[in-house]
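Okay, so here's the structure we're looking at.
The values are calculated or read from the model by the stated rules, or taken from the named source; none is laboratory data. All figures in this text were calculated on a predicted structure; none of them were measured in a lab. Cβ atoms come from the backbone with ideal geometry, glycine included; neighbour counts cover every protein chain shown.
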Amino acid sequence: MRSTLGPNRPTILGHWRPGPLGRFSAWGACGAPSQNPSAHARAHAPAHPAHIPVPTRTPLRPALSPSTVGRSAGARRRPGVRDTGRPARAWPHRLSAAERVLLSSYDQTILSDDPVLFLGLGGAGTEVSPGGLIATYHGSPAHTHLPNGDTATLFDGTSGQYVEVPDSDVLSVSTTGALTIEAWFRPDVLVFPRPEGSGYVHWLGKLTYATVNQCEWVARVYSADNTEGRANRVSGYAFNPPGGLGAGSYFQDPLRPGEWIHYALVITTAPDGPAEPPGHTKLYRDGRLRDRDALADYNIVPGNTTSPLRIGSATLRSYFLGGIGKVAVYPRELSAERLAAHHAAMTAC
């Protein structure tokens, strides 16, 4: 699937091609395309999108002391564990055996796969991930609960609510060779009040629109009323740093407001095998592979930019309405078996 991002880049609407898993892939729109495509279903983004300053690179922070590393101080560990108001606990590699029992089984499963970023998204203010990356909450989002009872963040979709993690090399596929981006998200509406482009929301990603774009990867969900006939499609893309056409994968299932979805986007830069092209995007829903596309089909060479990672609104142009929790990034491709195990750890009774 192809997507367009940034100024002076064509947007290809409605151009379908067979997908490698027996589904269809399609070119999409990323940015602020015209709503009036030509006879060839092409449109152009505005010459200069609204300027958003590109942040300077923040180096990976050193590990903090055990008294401050962990979730935000207001985060709940699991149902029945009382918030004491004390500093956040450390992650398992800094916890005693007795303290580890306070983690949910889902958290223990995720941390056993060594993510470079793991945010429970159950607090407020700031939250510290393994390795020291710090997430900052903006707009005072509320709380909701995941299928296992753990706390997640509830975004209202209208007031500029989002969570931001400063740029780090470990969040860029060009420096790791592969990334798996994983999250649980719950759309609470089928028509989003603050979409962008043809009618979609970038709810998680590492990209910034500016005079010089800083584009890497993004997760997207379409509104039911989008102008491309992609009602509630869920997708994930990889881009060249300047934006423009991107490669991605998707699934388009009927969505039900209030239903949690386990989302995993894999981006690789090496061939999967001797006869394979270099690099793919792969998209999983609920632990099952749904689509796969080659980066080479769209001339995508991922780069390392200074864009931060944002949750709830990747671009600060569209805003997600619903719940998001347990965002994790791994510096490699997780297997289908591990992703299925993650899904099972959240949904097991």
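L334 falls short on exactly one of the conditions (1) within 25 Å of S112 (Cβ to Cβ); (2) assigned to a strand (DSSP E or B), and that condition is (2).
Of all the residues in the stretch 235-259, those that are closer than 12 Å to G303 by Cβ and assigned to a loop (DSSP other than H, G, I, E, B) number 5. For the stretch 261-275, the criterion of being at pLDDT below 95 and in contact with an Asp or Glu (Cβ under 7 Å, 6 or more places away or on another chain) is satisfied by no residue at all.
Consider Y222 carefully, then state whether it is without any contact (Cβ under 8 Å) to a residue 40 or more places away in the chain, crowded, with 24+ Cβ neighbours inside 10 Å and either farther than 16 Å from N304 by Cα or within 19 Å of the chain's Cα centre (by Cα) (or both). It is true that Y222 is without any contact (Cβ under 8 Å) to a residue 40 or more places away in the chain, crowded, with 24+ Cβ neighbours inside 10 Å and either farther than 16 Å from N304 by Cα or within 19 Å of the chain's Cα centre (by Cα) (or both). Among the residues of the stretch 305-320, some residue qualifies, meaning at least one is among the polar types (S, T, N, Q), outside any strand (DSSP E or B), in contact with a His (Cβ under 6 Å, 6 or more places away or on another chain) and buried (at least 17 other Cβ atoms within 10 Å of the Cβ). Being in a loop (DSSP other than H, G, I, E, B) and touching a Ser or Thr at 6+ places or on another chain (Cβ under 9 Å) is a condition met by no residue of the stretch 269-284.
Does Y209 satisfy the criteria of being closer than 30 Å to A270 by Cβ and aromatic (F, W, Y)? Yes.
A single entry from V212, V266 fulfils the requirement of being of a type in the set (V, I, T), out of contact with any helix residue (DSSP H, G or I) (no Cβ under 8 Å at 6 or more places or on another chain) and not in a loop (DSSP other than H, G, I, E, B): V266. The criterion of at least 3 residues that are farther than 14 Å from L316 by Cα and either modelled with pLDDT of 95 or more or under 17 Å from the mean Cα position of the chain (by Cα) (or both) is met, among strands (runs of 3 or more DSSP E) falling completely within the stretch 159-208, by 178-187.
Only one of G199, G160 is surrounded by fewer than 24 Cβ atoms within 10 Å (Cβ to Cβ), of a type outside the set (D, E, K, R) and free of Cβ contacts under 8 Å to residues at least 60 places away in the same chain; which? Exactly one of G199, G160 is surrounded by fewer than 24 Cβ atoms within 10 Å (Cβ to Cβ), of a type outside the set (D, E, K, R) and free of Cβ contacts under 8 Å to residues at least 60 places away in the same chain, namely G199. Each residue in the stretch 111-158 was checked for being closer than 28 Å to P257 by Cα, part of a loop (DSSP other than H, G, I, E, B) and either touching a Pro at 6+ places or on another chain (Cβ under 9 Å) or aliphatic (A, V, I, L, M) (or both), and 8 pass. Considering the stretch 126-144, the residues that are in contact with a strand residue (DSSP E or B) (Cβ under 6 Å, 6 or more places away or on another chain) and farther than 26 Å from I267 by Cα include one that is surrounded by the most Cβ atoms within 10 Å (Cβ to Cβ), namely P141.
Considering the stretch 277-301, and only residues there that are within 14 Å of T180 (Cβ to Cβ) and among the hydrophobic types (A, V, I, L, M, F, W, C), the residue that is surrounded by the fewest Cβ atoms within 10 Å (Cβ to Cβ) turns out to be L289.
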